[in-house]
Amino acid sequence: MTQLDSRGIVEVSDGGVSVELKGEAMTLNIGPQHPSTHGVLRLVAEVDGERISKLDPAIGYMHRGKEKLSEVRTYPQITALINRIDWVSGFANEVAFIRAVEKLTGIEPTERAQMIRLILTELTRISNHLVFASSYPLELGAATPLMWAFREREHIMDVIESVTGGRFHPNFNRVGGVKPAAGGGKTQKKVSLDLPSGFYASVENAMDKAELACDELDELVTGNEMIQIRTKDVGIISYEDAVAYGISGPNARASGVPTDLRKLEPDVLPYAGLDFDVITRENGDSFDRYLVRIAEIRESIKIVRQAVNSVPAGPLQAKVPRVLKVPAGSIYVRAENPKGEMGYYIVSQGGRVPYRVKIRSASFSNISIMSKVAVGQLIPDLVATMGSLDFVLGDVDR
Amino acid sequence: MIENVPFALLLGIKVLVVLGLMLGVSLVLIYAELKWSAHIQSRVGPWYVGGRWGWAHPLAEAVKFLQKEDLVPEEADDKVFRLAPYVMLAGTVATFVVIPIGPEWVARNLDVGIFYLLAISSLSTLGVLMAGWGSGNKYSLIGGVRAGAQLIAYELPLVLALVAVAIQAGTLSLTGIVEAQATPLFTIGGVDIALPYVLSGQIIGFVIFVIASLAELNRTPFDLPLAESELTMGYVTEYSGLRFTMFFLGEYAGMVSMAAIVSTVYLGGYWMPGLSDSALDIAGPFILLAKIFFVLFLFIWFRWTWPRIREDQLQGLAWKWLIPLTLFNIIATATLKVVL
Amino acid sequence: MTDSPSETTELDAFAGEFAAKIGAERWTADHGTVHVYVDREHWLTAAIAARDEGELDFFSWLSAVDWSREVAVGEPAEDVDNLEERYEVLCRLSSSTNSDAVILATVLDKEEARLDSLTPVYAGAAWHERETAEMFGIDFPGHPNLINLYLPEAFEGHPLRKSFALGAREVKPWPGHVDVEDMPSTENIEAGEGS
């Protein structure tokens, strides 16, 4: 491959003939409306032919100002806001926030509620990773895995819906526990006061189907040589870059970073009693990021199967004052969102609304490395790298 | 009998038959792709339009496109932009002229049929280049340039694969090639055995020709000029309405024509063992259609199973593997021809 | 607090040790969150020390809190009349291999809202500093490309400052005539099936 020098001039000598070819850089505007930018990300790329010499991600097309909005809402109201940050894994967004508020107020959630939170978080993780595993091949040009994985994911969405009443935005966490009744309000009947009947059977069924999806994806995608030549050694992120850029979750673990907040933050959710492995890989390329997620689906299935057998009996909700006032103080609580470290820094001044909420979302840091990784790549590699980072624009812009 | 028909009338009939065949088969193919891809993806596919199995779905889509506004971008090179779809479609339609659908059924039996085919089928890439350049859109331009590079790389294995067939058949006429395949090779127990070329020495050529024709057609895994996830839709990004329909139809007609060439050259065309010439006159077109749809099924199956490869990998495949292999194939065929 | 006494002591010990490593004097370890306060002059050197001596290689986030007497929306701070007007810049660093983590904090005068950029130490700080710059109006000298991240270049004001009014709340005051819904009574909750 002939590389251009800094002036964009390349010397080609062929026998006696020596020609000077001058390449002119073209600015290619990828997005905000583009099929593989997952929404409204805009990438301003300088390309020479198809090779990218400079990439500048421009974000903010979906900035909803959630940090400012949080300053004018009570704590229970904020959960409705924040499960819309990363809408593919809505439930997992709520956990860290609600645990932060619980720790500030000193309200202990019930054990049953904690275990239900754990199960739903893992279901969300499987669902998120299935969305990734299905849409990533689509970005590489294969359309069929999308349908296969979505078909099996539907069983998980059904479970989440049957428990929380919502498929994408559960808004199910309450300070001190989980929402005790789906339905509610003045006109609706309170239809359920606990997990719906048949919950455990439907979770088992959904796990079987998710496992089936993994097997199918392994056959259709993982073993496919074309997928491998498209993704191996593409978009390599080193360990040092991963931690310096704050890349977290599966993306970091593909680069060998052993961080898994399920293990490191045992008081957020009761993962301590459950047996599962942290999946890491060494190369840090796009294919490894894909493999980590597929392996994590299998680990999460393992976790859910253990967890449904150890849901303790008891109330769903601890005693909570009618008007929740949070004592003054500041706290940062992070949890393992399917996309990485999701954390909330809350500054309370003793009132019903927080003084300041800083939302640390995973995708924001995860894609900030794009401008470094993309340099020297071809446009198809850019798409392959970007897709493998598994970001959601709501999680980037917040 | 044919000698008595006035030339103009005959020409008119031939044009109608060729156009009708191409458009009809293309519409069926669109429906087939919708249905087959749906079943591959565990969906149902078209269901409502036309009452049963959604058979009228492609027609409804065509009507929908006719209603759309015909947009020309401000930055576009107006004439080139408008002309491109016609060039693309014309190149595709013209290949049907030499495809024999029965012993007597051929629009024009050229002695240099293969030459004509290869020359005329590249014309549609010119249409793609025109669309890419004329759209005044950077994605379209990259798509057009990709298509050009792809054409140069894959025209060679395509031609070289057919050279081996021409050597084996000893003729460049497509009717001649079909007849050569119908000629018995040997006799077992008093039964004359004739084999299509895919079974009698041209298996390498067949595989390479199918791969190269996928590239010529911009089908997955070689759909780089379109590459929805990279270039939005490549050279058709800016097209709408009728002109988009032309590209759409052109793509499918191109598939049909390529499948027709594959069927004719490698799978024995209209010929089937055990049928006399007069029977083939009637059954020939249907036999050819069946073979065409078998090849088309392969095309569709590949598309809905595989991802897309990268430009450098695409070029590497052509220059490092396919072209050397076809050269080997030619030498092997020529050697066998001399020895036997 | 929810933390057991032994944990708190452990955390205190860690915080004190860490503060000593990076040469900071003030630290807190409430609610399981360690804050280590450094002077603005030592911001960059403290970050380098945190990375090299403290072995906190993972850059989590950087942001700020606006402590202001003038509050356009939301509830004001405690004891707002005696509040010292300031920005508190926070930077969360953690370890990629264990659960060590601190929030590095510094206090900026409102008149001198300027702080060394951490981009040379943690490459990931670039976007966080751009965000903090546009949202709070804090300057980061040494940043390679300190342009707006979210907002258009022509945008006026700094949205996360407490003095910045929120349009929606201006148009429609809160909480409105419907107050927050009652919490459901806990007596109704029964244990479900299974377990």
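Where a number appears in this text, it was derived from the coordinates with a stated rule and is not lab data. Here the structure is a predicted model, which is why all the values come from computation and not from measurement. Positions of Cβ are backbone-derived with ideal geometry, glycine not excepted, and every protein chain shown enters the neighbour counts.
Figures for the structure shown
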quantity	calculated
Under Karplus coefficients 6.51, -1.76 and 1.60, residue-wise ³J(HN,Hα) of segment B:327-338 in Hz, glycine/proline x	4, 4, 4, 4, 4, 4, 4, 5, 4, 4, 4, 6
Residue B:312-residue A:239 FRET efficiency (beta carbon distance; Förster radius 35 Å; 0.05 resolution)	0.80
Protection proxy ranking, peptides A:74-83, A:87-96, average beta carbon neighbours within 10 Å, highest first	A:87-96, A:74-83
Beta bridges per DSSP with both ends in the protein assembly as shown, % antiparallel, nearest 5	95 percent
Estimated FRET transfer efficiency (residue B:302, residue C:70; beta-carbon r; R0 45 Å; 0.05)	0.10
Residue with peak Gaussian network fluctuation, chain B [Cα springs, cutoff 10 Å], from B:300, B:330, B:152	B:152
Protection proxy ranking of A:386-392, B:293-299, A:297-303 - average other beta-carbon atoms within 10 Å, highest first	A:386-392, A:297-303, B:293-299
Highest-fluctuation residue, B:284, B:190, B:316 considered, GNM on chain B with Cα pairs under 10 Å	B:190
Cα gyration tensor of the protein assembly as shown - equivalent ellipsoid semi-axes, whole Å, descending	62, 31, 25
Computed label-point distance, nm, for sites residue B:294 and residue B:78 using a 7 Å Cα→Cβ extension	5.2 nm
Computed lengthening from residue A:29 to residue A:87, 0.36 nm per intervening residue step minus Cα-Cα distance	18.3 nm
Extended-chain gain in nm, criterion 0.36 nm per residue less alpha-carbon gap, residue B:149 and residue B:242	30.7 nm
Listed residues A:226, A:370, A:157, most fluctuating in chain A (Gaussian network, C-alpha, under 10 Å)	A:226
Chain A, relative contact order [Cα under 8 Å, separation at least 6], %	24 percent
Contact order normalised by residue count of chain B, Cα under 8 Å, 6+ apart, percent	23 percent
Per-pair calculated FRET efficiency, R0 = 30 Å: residue B:71 and residue B:15 via Cβ, rounded to 0.05	0.45
Extension gain (nm, one decimal) between residue B:207 and residue B:278, 0.36 nm per residue minus Cα-Cα	22.4 nm
Karplus-derived 3J(HN,Hα), 6.51/-1.76/1.60, for each residue of segment A:376-388, Hz, glycine and proline x	x, 7, 8, 4, x, 5, 4, 5, 5, 5, 4, x, 6
